[in-house]
Amino acid sequence: WFLQKMEQDVTKPLVRERLQSRFAWIDKQLAGKDYLMGSFSVADAYLYTVSRWGQFVGVDTSGLPNLQAFKQRMEARPGVQAALKAEGLIM
């Protein structure tokens with residue numbers, strides 16, 4: 001138990017840092033684009049999901065304006081709205 005706890009204490013900050021750096025890279029890739037590949041693709045759906053999970057593990061993306069704008073665009077899509085409602089994530 002002790003080793004598992006110690007490993008988690010060391011690993012979690014490293015994982016958060018790595019995820020933050022990946023989001024920063026993605027933020028740069030989104031500059032001047034609505035979606036990762038220019039037009040909507042499955043990669044965008046996956047990115048949206050992962051970027052939402054980040055908030056639950058302590059990764060702050062509020063300083064990444066392109067990623068924030070991307071998330072807003074995604075949340076405006078009717079299919080995303082329906083999925084969020086179905087999952088009980090919005091009213």
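The values are calculated or read from the model by the stated rules, or taken from the named source; none is laboratory data. Everything numeric in this text was worked out from a predicted model, so none of it was measured. Cβ: placed from backbone, ideal geometry, glycine included. Neighbour counts: every protein chain shown. When the accessible area is computed, the model is the full protein with side chains, heavy atoms only, and any ligands, DNA or RNA have been set aside. Shrake-Rupley method; radii C 1.70, N 1.55, O 1.52, S 1.80 Å.
What the table below lists for this structure:
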| read-out | value |
| --- | --- |
| Complete set of residues in region 1-35 that are within 22 Å of L84 (Cβ to Cβ) and either aromatic (F, W, Y) or modelled with pLDDT of 95 or more (or both) | F23, I26, L30, D34, Y35 |
| Residue match in region 3-23 (condition: open to solvent by less than 60 Å² (accessible area, probe 1.4 Å), small (G, A, S) and under 14 Å from the mean Cα position of the chain (by Cα)) | yes |
| Unmet criterion (only one of (1) aliphatic (A, V, I, L, M); (2) touching a Ser or Thr at 6+ places or on another chain (Cβ under 7 Å); (3) without any contact (Cβ under 8 Å) to a residue 12 or more places away in the chain) for V50 | (2) |
| Yes/no for A43 being loosely packed, with under 12 Cβ neighbours inside 10 Å and at pLDDT 95 or above | yes |
| Within region 24-40, considering residues that are assigned to a helix (DSSP H, G or I) and hydrophobic (A, V, I, L, M, F, W, C), the one surrounded by the most Cβ atoms within 10 Å (Cβ to Cβ) | I26 |
